[in-house]
Every structure is written in structure tokens, then in C-alpha cells.
Amino acid sequence: MSLLTYIFLLPMLTALLIVLIPRNYRFVIRSLALLATFASLILAVTAFCKFDTAAAARGFQFVQQITWASALGMSYHVGADGINIGLILMGAVVVFAATCVSYRVTTREKEFYILLLTMGGGILGAFASLDLFFFYFFHELALVPVFIMIGVWGRGENKNFAAFQITLYLSFGALLVLLGLIALYLQLPPPDRTLDIVTLTEYFKANPMAQAPQHLIFPVLLFGFGILVSLWPFHTWAPLGYASAPTGTAMIHAGVLKKFGLYGLIRIALPFMPDEARHWAVILSILCLGNILYCGLVAMRQRDLNMLIGNSSVAHMGFAFLGIASLSLIGITGTVVIMIAHGFLAALTYALSGYLRDELQTTDMDQMGGLLRKLPFIGTVMIMAMLAGCGLPGFAGFPGEILVFFGSWQRSEVIAVLAIWGALIIAGVYMFRAIRDIWHGPKEWTAIGDPLTLARKMPYCLLLGGLILFGCFPRLLTDKIKTNVAPVVRMVGAEAVQLSSVPKGWSAK
């Protein structure tokens, strides 16, 4: 059995096991959840370390395929290449960290951990799947718990509105994706119809899709996946939804689940419909500026920490879309790096804001100030996370954004300059102002403190460690990613900007 199967199956089977355990066995339930997610993390690290970069060009690794419904061309098929191996690692780290910080949940713990494990296992399964049915099924399996968890364990006066809003937006986006995937399936002649992504890729490489179906299907998938990622102007569900969600839920959704749409565009939409990809590239570039500039300006106006982080998260997705819109090797490679970096960053910032909310009973920055004296550990980690959110060198977001800027510059210098301005100026203003308002000042606090044990500090260190590791050694990612992004760029037929044009420290020649 493939390592990838164990990685996502362990949390899901543990969720089923917890169903059978009486709810008053609280310690057993939490211990099982921690054990399952930790084992999944160890397996993900093992898979990442065993991944053979030199063999990546020859196809997927850790492959397992079992025919499920041959009449429909459907099978259980998992595998990893340079595009998804880093996402699987990042997802496993975030799911474990989210389980660790959920110790403050004291009501309906059994149901909470069942949903959290289902959510984490589902999105890991979606990233590993190479069959369209399971690709979509696992994502929906991960998405359903989000609505329930915000409604039951959410916080704030607007939690019910947030639950309804996120349900409507994401359900509509998922419906568009489903329609697009069904339409893709129907493009093959009946004897050759399959849901296998590898077979579909080879088929469309040899038999390019006609213009008419591309013209209809690509925008459906673009906006379907775009809504799931919070593409402007369909982004309004994200900041309020994350602000109202329990900490673990916000960490997994903002950090991992939201990357599903970007991954779907790279894996499916671009290589299968290259003509429309080139046609929509300019439009996508303009829309992603809405994420970068508009949502960045909105973040500048926020006085609630969670809303600031939420709008900042949406702005970061603009850089990922910009890399896709470049249709270049360097730009799309940068997008995948940003996806992984933002996964660590979003999970870390929501974990930290959740800790502050639990300690202070508020996320209003006007009521904060001077916290660094009482919370030196949490304060130091959050300041580092906010600097990482500005794209500071040494953190994983920096090489990703630089690669995207190089790629987008070849398409449009104006769009690249505006994006750089958004990254350097706008993000810098709201992040540094937040650091000043939260952590500095004369205000005195009592009855609050840092996590007392190493176990309580570990999830924050783990996420920060991921940001620093891939920030200082980005070739751990880029060498893997570029090998499998190159065929996508060739199928799109766009003029590629080679990674060898980037300084040696960031990628292999």
C-alpha cells in the first residue's frame, strides 16, 4: 500500500474509531487524534525525504491504483510528483499543529475531533488523488465539516452569518467545479472515457480539445476553483469565515484546504485547455490585482486582528494567482512555493491569534498593547510570522514571491510593479502597524502568560520551522516542483521563463 494512502487514511480511520468511544473518555479521544495526526506527519516527512527528484520527470512516485468502477473509467489512484509532494507535507504539518492547539475546546470534544480529523484527512486525500472522482470527493469530504464547526464552535456575534455565507459561496464554487469536471469527462469518446488524471493528461496532449468546449469549460473551472481560493471579487466569505471559526478549523482551511483550487488549476485547467488558459491569463492577472491591492488596503483599515489576518490571507492568494497567470515555468513554480509557504504562515498566524483570543477574550487591537512583556514567546513568534507575511528574506514566502515577480514581469511590467508595490508597501504598513499596536506600548497586563510547556509551544515552533526551512533552503522545493511544472508549461504552449535566470541560491539550473 502506498505511503500516501496511509497519510490520509490514518486520520480518517481514527475519526471512525472515535465514533465508537464514549464522549466522557476525553483524554483517550484527544490522545488518539494527536497520535493519528503525528503518525500522518511522520509518514509525510518520510515521503518527502524519499521523493526522488531525479526521477520526477519519469512520472509519479508512491503510486497505488485499484480499479473501482471500470465502466466509468474510475479508480482509486494516488501518486506524488513535484507539484503535490510539498503540499502533502505542509498539509500534514498543519493538521497535526491544528490538533495540538485544539486543547482549549471543552464542549462536544468527541464531535469536534471527528470533524477535525475528517477535514484533515479529506484534504490530504484530495492532494494525493490522481482520479477526478476521488479528487473532488475528498475535497467535499473535507469541506462539509467547516460549515458545521463554524456554526457549533464558532465565535463572535456574526458566526451564524459567517457559517451561512461560507456555505453558500463554497457550495456554489464546488458546484461549478463539479460541472466543469463532468464536462471534461464528456469530451472523450465513450470507449476512452476515464476519470484518471494521468490518462486524461496524455489524451489531451495527443488530442487537443476543440476550441468550443474549451471556451465553455475553462471559465467554469477558473471561477469554480477561484471561488474556493477566494479570488477577488468572490473573496468576502474568507475573512469573516476565518474570524468566526474555531482556531483549528481556521488553520486547516486557510492553510491547506484553500490551496485545492490553485492545485486544481495547475493540475487540470491549464494543461487540458491551453488555448483558453492563454486567453484568460490577462483577465486573471487583473483580477488577482484586486486580491493584492484591494484586499491589502482593506487589511490596512482593520482593527480586529482576525479580520486583518483574513484579508492578508486573501491578498496572498493574489500572488499565487499572478504566478499562474504568467503561464511561465518560473511563475507557476513560484505559485506552488507560495502555496506551501502560505499554508505554514496562515496556520501559524491563526494559531497565534487564537491563543491571544483565548487569553485576552478579544481580538480588538485597540484593546491590546504592551503584550510582549507578558508573552515573550508568543510575541516573538507572531512578530516573525508578520515579517514573513511581508515577504521578508529568510522565510518561505520570499522565494515564492520573487519567482512570481520574475514570471509576471515577462507578461506585463505594469502588473508586476503594482504587485510588488502591494507586497512591499501595503503589506508592510498593515503588518508593522499591527506589530506596534499589539506588542509595544506602556499598557500593563496581569493574569496572562505564554504556553508553559514544550508540548504547548511545539505546534508554533513546527510551523515557524517550516517557514524558515524552506525560506533558507528553497531548493528543497523548487528542484522538485520545476521538473513537473515544465510539462504543464509546454502543454500550455506559453513562452517559459527558465528558472536558470534566477540566482543560484533559489533554484537548480
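Things worth noting here:
- Lys258, sole failed condition from (1) of a type in the set (Lys, Arg); (2) over 17 Å from Phe234 (Cβ atoms); (3) buried (at least 24 other Cβ atoms within 10 Å of the Cβ): (2)
- Only one entry of Gly82, Gly59, Gly73 meets the criterion of being of a type in the set (Gly, Ala, Ser) and over 23 Å from Ile340 (Cβ atoms), and that entry is Gly73.
- Among the criteria (1) farther than 22 Å from Pro487 by Cα; (2) touching a Leu at 6+ places or on another chain (Cβ under 6 Å), the one Pro189 does not fulfil is (2).
Listed here are the residues, each with its yes/no results for (1) in contact (Cβ under 8 Å) with a residue 24 or more places away in the chain; (2) out of contact with any helix residue (DSSP H, G or I) (no Cβ under 7 Å at 6 or more places or on another chain); (3) in a loop (DSSP other than H, G, I, E, B); (4) farther than 29 Å from Phe133 by Cβ.
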{"residue": "Tyr263", "(1), (2), (3), (4)": "yes, no, no, no"}
{"residue": "Arg267", "(1), (2), (3), (4)": "yes, no, no, no"}
{"residue": "Ala277", "(1), (2), (3), (4)": "yes, no, no, no"}
{"residue": "Cys288", "(1), (2), (3), (4)": "yes, no, no, yes"}
{"residue": "Ala299", "(1), (2), (3), (4)": "yes, no, no, yes"}
{"residue": "Gln302", "(1), (2), (3), (4)": "yes, no, yes, yes"}
{"residue": "Asn306", "(1), (2), (3), (4)": "yes, no, no, yes"}
{"residue": "Gly310", "(1), (2), (3), (4)": "yes, no, no, yes"}
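- Qualifying residue in the stretch 195-218 (condition: surrounded by 17 or more Cβ atoms within 10 Å (Cβ to Cβ), closer than 19 Å to Val314 by Cβ and not charged (D, E, K, R)): no
- For the stretch 430-437, the condition of being under 30 Å from Ile330 (Cβ atoms), in contact with a helix residue (DSSP H, G or I) (Cβ under 9 Å, 6 or more places away or on another chain) and in contact (Cβ under 8 Å) with a residue 60 or more places away in the chain holds for at least one residue.
- Candidate set from the stretch 44-78 (those that are assigned to a strand (DSSP E or B) and of a type in the set (S, T, N, Q)); member that is surrounded by the fewest Cβ atoms within 10 Å (Cβ to Cβ): Thr67
- Counted residues, the stretch 3-23 - those being polar (S, T, N, Q) and out of contact with any helix residue (DSSP H, G or I) (no Cβ under 9 Å at 6 or more places or on another chain): 0
- Subset tally (residues that are without any contact (Cβ under 8 Å) to a residue 24 or more places away in the chain, under 19 Å from Gly391 (Cβ atoms) and assigned to a helix (DSSP H, G or I)) for the stretch 449-475: 1
- Among residues of the stretch 122-155, those that are outside any helix (DSSP H, G or I) and surrounded by fewer than 22 Cβ atoms within 10 Å (Cβ to Cβ), counted: 2
Values in this text are rule-based calculations from the coordinates and carry no lab data. Predicted model only: the values in this text are computed from it and were never measured. Because the Cβ atoms are built from the backbone with ideal geometry, glycine has one as well, and the counts that use them run over all protein chains shown.
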